[in-house]
Amino acid sequence: WLDPQVLEWRGNIGLDQAFLTQLTQIRLALEPAAASIAAENRTQQDIATMRAALKAMYEAGDDHQKFSKADCEFHNAIVTATHNPFFYSSISATGVTLFRFLSLISAGSTANGKFHNHSSEMHRKILEAIAAQDQVGAAHAMVCVINERGKDAGSQLMSKNWTAPEQPL
């Protein structure tokens, strides 16, 4: 399940609430810990990298591809800021693929400037907590982001029988 090709295959046959729940569970297991560790270990360069990614999220407007790319860069910057190669290895195996699926799920009706701005504001809280070295606050803000994205994706699944766009073999 950690293989990107296996997850892509699973996405191509369609995502359901059970799969979305499993993705959210693994994110909740890993990402709040990453935010907490980043708050402890971050450097000024790490903060600058997160700020640049957050700025790109705000500037994406209605462009979901730009927003998703910046969102991934933001989360990758958090993992990098842990400065923990063991942690980085454990989350990098799932991170990019999980973000790709969550991006695909929300690329429908929620892909607009209002959604992107709200999400950016939530991510700003993570950055502020990490910059302030507030480990508890960073973990809490990350949980809020993950739960919000999971609810959003769940709404997409409930509103229609969602399947990933067909991709060439």
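The values are calculated or read from the model by the stated rules, or taken from the named source; none is laboratory data. Bear in mind that the values here come from a model prediction, so they are computed numbers and not experimental data. Cβ placement follows ideal geometry from the backbone for every residue including glycine, while neighbour counts extend to all protein chains displayed. Areas reflect the complete protein model, heavy atoms only, side chains present, ligands, DNA and RNA absent. Shrake-Rupley method; radii C 1.70, N 1.55, O 1.52, S 1.80 Å.
Tabulated results
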{"quantity": "Calculated from backbone phi, Karplus (6.51, -1.76, 1.60) coupling profile of segment 69-77 in Hz, x at Gly/Pro", "calculated": "4, 5, 4, 4, 4, 4, 5, 5, 5"}
{"quantity": "Potential extension, residue 22-residue 86 segment - 0.36 nm per residue separation minus Cα distance", "calculated": "20.8 nm"}
{"quantity": "Two-site FRET efficiency, residue 59 against residue 140, from Cβ-Cβ distance with R₀ of 22 Å, rounded to 0.05", "calculated": "0.25"}
{"quantity": "Extension gain, residue 9 back to residue 125 (0.36 nm per residue minus Cα-Cα distance, nm)", "calculated": "38.3 nm"}
{"quantity": "Computed lengthening from residue 47 to residue 148, 0.36 nm per intervening residue step minus Cα-Cα distance", "calculated": "34.0 nm"}
{"quantity": "Listed peptides 112-120, 124-132 by packing density, highest first (mean Cβ within 10 Å)", "calculated": "124-132, 112-120"}
{"quantity": "Phi-based couplings in Hz for segment 21-36 (Karplus 6.51, -1.76, 1.60; Gly and Pro marked x)", "calculated": "4, 5, 4, 5, 4, 5, 4, 5, 6, 9, 6, x, 5, 4, 4, 5"}
{"quantity": "Surface accessible to a 1.4 Å probe, per residue, for the residues of segment 28-88, Å²", "calculated": "49 Å²"}
